[in-house]
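The next block holds one structure in the form of structure tokens; read it before the comments.
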Amino acid sequence: MVSNGNGERESGAGGAPYGMESTPEEPGSAFRRPRRKERAAGEPQEQAPKNPQSKVGWSPYDEGSRSRAPLWFAISGVAVLALLGGGLVLMWNADDPVTAATTKPRMTTAPLPSAPPGKYGFAASRSTDPDPISVKEIFGSKKKITVSKRSYERTITKKDKKCSDGALGDDLKKALKSGKCTQLVRASFRDKAGKVIGTIGVANLTSTKAASKVAKAGDAENYVKPLAGKDSVTKFIGSGSGGTRILTHGHYAIMVWFQNKDGTKPDDKGSKQLFAAVNDITKATVFEALDNRSVTGSPRI
């Protein structure tokens, strides 16, 4: 068979299989009967090939007795390969303690402990959240933050030696002391336009109940002490009128004071702008840090 270039095969007249040579037959030589004298003399009898065209090696197209010997070799070869294959299968399935050990999944970090039940998890109490807070953890390492295309900048931070140093009002100071406040960190911020300024303070108390008492003590006379910055904008913090609020997250109290730069009393629209800034900044800094403590019981890195 030969290919005609279109994927079809054509038959060749008198052609030998591919790789074989074809020689012309010699009349009377390939099929000559030996004389009786030659047989009597014991000379070997010539046997004409069944297929006179196959002259070299063995062809898969050969028939008769010539094709049996190669078939036996093929069968024996298959048997050898089967034995070798069986050995490879046994080797593949053999126990390999080193390989088995390396295929087991490995823990790259220790599993997180289960948080206590409740809204605030570990952060509900200082007993389950004992690590002290820091300015960097609570307010982050970046001075500038952007929330919904609104930009803010932190201008100054402070860690008070006593919680009462960062608070105004007797009732608030009393609640901080009753709640066994051990830390108070503060930071001041301004918006990009320099019109909104304010201070945020975070107090570390003994329990959620103690933090709630601090929040209840907050009013127009009891609030976080404004922390004036040294720049040309936040140096005005604490002068004029402002808005105050005390929020809680577990055993932490978050105290805020925000105002207009010029100290004017904010109207309804101005108050919304002030507390929008409070929400933007606390969500991006304070509450992100405290949420991490609620889940892990440890400071964020």
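The values are calculated or read from the model by the stated rules, or taken from the named source; none is laboratory data. Just so it is clear, the model here is predicted, and its values are computed rather than measured. Quick reminder, even Gly has a Cβ in these numbers, built from the backbone with ideal geometry, and neighbours come from all protein chains shown. These area figures cover heavy atoms from the full protein model, side chains too; ligands, DNA and RNA do not enter into them. Shrake-Rupley method; radii C 1.70, N 1.55, O 1.52, S 1.80 Å.
For the stretch 261-273, residues that are in contact with a helix residue (DSSP H, G or I) (Cβ under 8 Å, 6 or more places away or on another chain) and open to solvent by less than 30 Å² (accessible area, probe 1.4 Å) total 2. In this structure, ALA211 does not qualify as within 21 Å of GLU288 (Cα to Cα) and more than 38 Å from the chain's Cα centre (by Cα).
Residue by residue through the stretch 239-253, note down the ones that are small (Gly, Ala, Ser) and at pLDDT 95 or above.
Result: GLY250, ALA253.
Scanning the stretch 188-212 for residues that are surrounded by fewer than 23 Cβ atoms within 10 Å (Cβ to Cβ) and assigned to a loop (DSSP other than H, G, I, E, B) yields LYS192, ALA193, GLY194, LYS195, THR206. Listed conditions (1) within 21 Å of LYS235 (Cβ to Cβ); (2) in a helix (DSSP H, G or I) are all met by THR155, apart from (2). The requirement of being surrounded by fewer than 17 Cβ atoms within 10 Å (Cβ to Cβ) and within 24 Å of the chain's Cα centre (by Cα) is satisfied by THR296.
Taking each residue of the stretch 222-237 that is touching a residue at least 40 places away in the same chain (Cβ under 8 Å) and over 16 Å from GLY263 (Cα atoms) and looking for partners that are outside any loop (DSSP other than H, G, I, E, B) and among the acidic types (Asp, Glu) with beta-carbon atoms closer than 8 Å, six or more apart or interchain, yields ASN222/ASP170; ASN222/ASP171. Against the criterion of being open to solvent by 10 Å² or more (accessible area, probe 1.4 Å), of a type in the set (Gly, Ala, Ser) and not in a strand (DSSP E or B), ALA276 qualifies. Do the conditions hold for ARG293, that is, is it touching a helix residue (DSSP H, G or I) at 6+ places or on another chain (Cβ under 9 Å), in a loop (DSSP other than H, G, I, E, B) and not hydroxyl-bearing (Ser, Thr, Tyr)? Criteria not met by ARG293.
Screening GLN273 against (1) at pLDDT below 95; (2) in contact with a Gly (Cβ under 8 Å, 6 or more places away or on another chain) leaves a single unmet condition, (2). Taking the criterion of being open to solvent by 50 Å² or more (accessible area, probe 1.4 Å), closer than 19 Å to VAL286 by Cα and not hydroxyl-bearing (Ser, Thr, Tyr), would at least one residue in the stretch 160-183 satisfy it? No, the stretch 160-183 contains no residue that is open to solvent by 50 Å² or more (accessible area, probe 1.4 Å), closer than 19 Å to VAL286 by Cα and not hydroxyl-bearing (Ser, Thr, Tyr). Of everything in the stretch 213-247 that is buried (at least 17 other Cβ atoms within 10 Å of the Cβ) and of a type in the set (S, T, N, Q), the residue that is nearest to ARG126 (Cα to Cα) is ASN222.
Can you find a residue in the stretch 254-269 that is assigned to a helix (DSSP H, G or I) and of a type in the set (Phe, Trp, Tyr)?
Keep residues of the stretch 254-269 that are assigned to a helix (DSSP H, G or I), which gives 268-269.
Among the residues that remain, those that are also of a type in the set (Phe, Trp, Tyr) are: none.
Checked the stretch 254-269: no residue is assigned to a helix (DSSP H, G or I) and of a type in the set (Phe, Trp, Tyr).
In the stretch 137-158, the qualifying residues are those that are over 26 Å from the mean Cα position of the chain (by Cα) and free of Cβ contacts under 8 Å to residues at least 24 places away in the same chain, and the one that is least open to solvent (accessible area, probe 1.4 Å) is LYS143.
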